[in-house]
Amino acid sequence: MAPGTLRRRIVHRLALAAAGAWLTVGGLYAATPVVIEQAGIAFLPKAVTIRAGEQVVFLNSDVFGHNVYSDSAGGAFDIGLQNSGSEVAVTFENPGRFTLRCRIHPKMRAVVTVTE
């Protein structure tokens, strides 16, 4: 990836999410996915709120891999090893409060709150 490309992608996605931007998808409007970045061995931001059925994109901006997972009831998932520079989208179907962790860095924590 060209120098600066990843940073531009991050800034673009964060700007869209912060603005509450809407994209047309098959004639319907869908919210831009929320982005949780992994940087400096931390999740940024540490807490987000979305609606049921929406996605969170996990963007690994660190120089090493992470393993994002949640074992919270109704929203358990494990994305496996996520390499530096990659992004993985996870759809949260059920309302609730879901704690995120990294199996490689146990001190990393964040919360996704899903409303109806």
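The table that follows gives values for the structure above.
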{"item": "Rounded to the nearest 10 Å², the accessible area of Arg109 at probe 1.4 Å", "result": "120"}
{"item": "Estimated vicinal HN-Hα couplings, Hz - the stretch 72-89 in sequence order (Karplus 6.51, -1.76, 1.60; Gly, Pro = x)", "result": "5, 4, x, x, 5, 7, 8, 7, x, 5, 10, 6, 4, x, 9, 9, 9, 9"}
{"item": "Val88 accessible area, 1.4 Å probe, all protein chains in place, Å² to nearest 10", "result": "50"}
{"item": "Long-range amide H partners of His105 with built H, under 5 Å", "result": "Asn67"}
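The values are calculated or read from the model by the stated rules, or taken from the named source; none is laboratory data. In this text the structure is predicted, and so the values were computed from the model without any measurement. Quick note on the areas: whole protein, heavy atoms, side chains included, nothing else; ligands and nucleic acids left out. Shrake-Rupley method; radii C 1.70, N 1.55, O 1.52, S 1.80 Å.
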